[in-house]
Amino acid sequence: MSGSLLITFDKVWKSYGQGEATVHALAGVDLAIRSGEFVAIMGPSGSGKSTAMNIIGCLDTPTAGTYSFMGIDAGRLDRNRRAMLRNLYVGFVFQGYNLLPRTTAVENVELPLIYRGAAARERHDLAMKALAEVGLVGREHHTPAELSGGQQQRVAIARAIVTRPTLLVADEPTGNLDTARTHEIMELLTRLNTELGLTIAMVTHEADVAAYAERTIRFLDGHVASDAVNLEVAQP
Amino acid sequence: MIWETVRLSLLSVRRNVLRSFLTLLGIVIGVAAVIAMLTIGSGTTEKVKADISKLGSNLLVVRPGRPAGPGGPGGLDQATNPLGSKELAALVAHLSGARAISPASQKQVRVIFGTESLTSGVTGTDSAYLDARDWKLVSGRPFSDSEIRSGTGVCLIGETVRQQFFGAGDPEGEIIRVNRTSCKIVGLLEPKGYTGFGQDQDNVVLMPLAAYQRRIAGNRDIDSIYVAADDRTPTTELLPRVEDILRDARRIPPDREDDFSIRDMTQIADAMASATTTMTGMLGAVAGVSLLVGGIGIMNIMLVSVTERTREIGIRLAIGAHEKHILIQFLVEATVLSLLGGIIGILIGLALAGLASLTLAIPFAPSLAVILLAVGFSALIGMVFGFFPALRGARLDPIDALRHE
């Protein structure tokens, strides 16, 4: 877990609204995540964990303070530069899978490569390989409607890792799944973390899901309430 | 990248068949209307030109009575001094630049053969008439000079008359009755079809003028004199010469107006052709408005599509699409949609025009320029009306877009 610093929050504020009605989603958060870490982010609704995840994933920028990603001041980049950063270094997995409907698994996985300008053959090969890595051989040409929830989330994970990202941002990745499927997905994420050295930042509100991570950061009212190494990491 | 986007947009068209079809409908109808209107219009123009040239190209028609003008209705009135053989003789003797000069008197008369009868346009004329009107014989012979002089009961018939009395048989040598006098058929005229005004040009019987005057009209008048200009003489030059000769022959003092009229069929043809062209243009413009409405339909659907696919846009933005990728995606989609509509519209428009040319018996005259214009215009409509929704999609905030249900 002792890689180089990948993510640092330096007194990061995120505020919405103006004057009396100003809400501080993040109120001067300091945070550091090293590359190769598997971090669970927890906290009740409105604690600021989602805002923090959006900033970590370069989808959002801080109102004040500095967010640096791979040593880049990502909080000050414009939309298109952040899009490029996401395309090159960040993979996303969402609670609701967020696959394109009526589009086959392999086409979904190819999507991020299209925005890199990769050739069709190369895209296809990489996508097939990523689908194999998440254990979906034989399902490449199924559409999301023809796949179970667990399988859809595997497609989403394949889409996130097909670009060989540095960071995987997972927002409640098992929120829609039953217990058995949840453990399968968490084992997959753990494997990707250990085998590929993929840094994972995962929002969850389930303690047994958070237990798969090495470290848990708890948010409360826009602050980091606790930040601790998990003593008992769940074993795959 | 562009091909990829085109392929993707075709996929998206296919995934939403019904919605795509409804979107296309506006463009399809618009383009089909434009193509059909312009194709039928130019066919009509050709037809009108052909009809007028059937009346005889470079033809002047002299009729008794003052010309129609702002002073009131022209044509025959009770005081009209009819045309007669002296005017015809004067023209034949003095007019230069004419290919053919021919008198004609005409009446609708009942023609009988056996138990069959038909009301036909019977014309008394001479052998120059066929040349003046550019009519040809399919079989038989024209009138001989002696038949013209003595007014023998012989006649030439049109195709409609033949079919009524003889079917497909040979009418030559048969005797028909025209207004209680008998008349021997010596030749068959080439079929000419209907005029643009619905007049059957084949329901005709020609006979020598003298025979017509004696047995049918009962007078020595000539209804009209046809003067066909030769190849070197424009009708505009020939017309004043005809006028001079006729004023002289009819002894009209210089301070009096003509008591006859000369109509220039070429000018009428030009006027008619330009009228149809104007009409075509106006119909085309109206059809163009429907194309515009079709474009607004595209914009509507693209806006719906952007809203409906907000989440998809969010996903694409999250995994690294730039604004321009989203913009291009929706622009290409709108353009592909309207191009598709344009192509379907062209096919339907051409089919409609083809149908119209069959039923209205006008030439089928598709124009490549019009087709290319329609294709270009429909692509342009897609781009213009697709731009605003596309921009709206591209400007979405990825976080909001991902949260969109």
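Derivation of every value follows stated rules applied to the coordinates shown; laboratory data play no part. Bear in mind that the values here come from a model prediction, so they are computed numbers and not experimental data. A quick note on method: Cβ atoms are made from the backbone with ideal geometry, for glycine too, and the neighbour counts reach across all protein chains shown.
Volume of the convex hull of region A:1-158 (Cα atoms only), normalised per residue: 148 Å³.
Need one word for the protein assembly as shown: rounded, prolate or oblate. Basis is the Cα gyration tensor (sqrt eigenvalues a ≥ b ≥ c); a/c below 1.5 gives rounded, then a/b vs b/c decides.
Verdict is prolate for the protein assembly as shown.
Dipole check for the protein assembly as shown: with +1 at the C-beta of Lys and Arg, -1 at the C-beta of Asp and Glu, and the Cα centre as origin, the magnitude is about 900 Debye. Report summary: the helix-based calculation at 222 nm, which adds -39500 (n - 2.57) for every DSSP H run with n ≥ 4 and divides by the residues of chain B, gives -18500 deg cm²/dmol. Tally Lys and Arg at +1 and Asp and Glu at -1 over the other residues with C-beta under 11 Å from the C-beta of A:Gln152: what net charge comes out? Residues near A:Gln152 contribute +3 overall. Quote the Stokes-Einstein diffusion coefficient, in whole µm² s⁻¹, for region B:260-322, based on the Kirkwood radius over alpha carbon pairs, a temperature of 10 °C and a viscosity of 1.306 mPa s. Calculated translational D: 96 µm²/s.
Here is how the number arises for chain A: DSSP H runs of 4 or more residues each give -39500 (n - 2.57), the sum is divided by the residue count, and the result at 222 nm is -10000 deg cm²/dmol. Among B:365-373, A:158-166, A:22-30, the peptide with the highest mean count of other Cβ atoms within 10 Å heads the list, and the full ranking is A:158-166, A:22-30, B:365-373. Partner shielding of A:79-89 amounts to 4, given as the average count of beta-carbon atoms from other chains within 10 Å of each residue beta-carbon.
Can you tell me the order of B:120-127, A:143-150 when each peptide is scored by its average per-residue count of other Cβ atoms within 10 angstrom, highest first?
Details: B:120-127: 22.6, A:143-150: 15.1.
Packing order, densest peptide first, comes out as B:120-127, A:143-150.
Split chain B at each of the trypsin sites (Lys or Arg not before Pro) in a DSSP loop with at most 14 other beta carbon atoms within 10 Å, and the longest piece is B:257-394.
Take every DSSP beta bridge whose two residues both sit in region B:82-258; close to 75 percent of them are antiparallel. Note on A:50-60: average number of Cβ atoms from other chains within 10 Å of each residue's Cβ is 2.
A dipole drawn for chain B from +1 and -1 charges on Cβ atoms has a positive end, and of B:Val6, B:Ile222, B:Ala356 the residue lying farthest that way is B:Val6. Checked against a 29 Å cut-off, the cross-linked pairs B:Lys86/B:Lys192; A:Lys49/B:Lys324; A:Lys14/A:Lys129; B:Lys107/B:Lys184; A:Lys11/B:Lys324; B:Lys107/B:Lys192 give Cα-Cα distances beyond that limit for B:Lys86/B:Lys192; A:Lys49/B:Lys324; A:Lys14/A:Lys129; A:Lys11/B:Lys324.
Projecting the Cα atoms of B:Ile252, B:Ile319, B:Gly284 onto the charge dipole of region B:251-357, computed from C-beta unit charges around the Cα centre, puts B:Ile319 farthest toward the positive end. Look at the stretch A:109-117: the mean tally of other chain Cβ atoms within 10 Å of its residues' Cβ atoms is 4.
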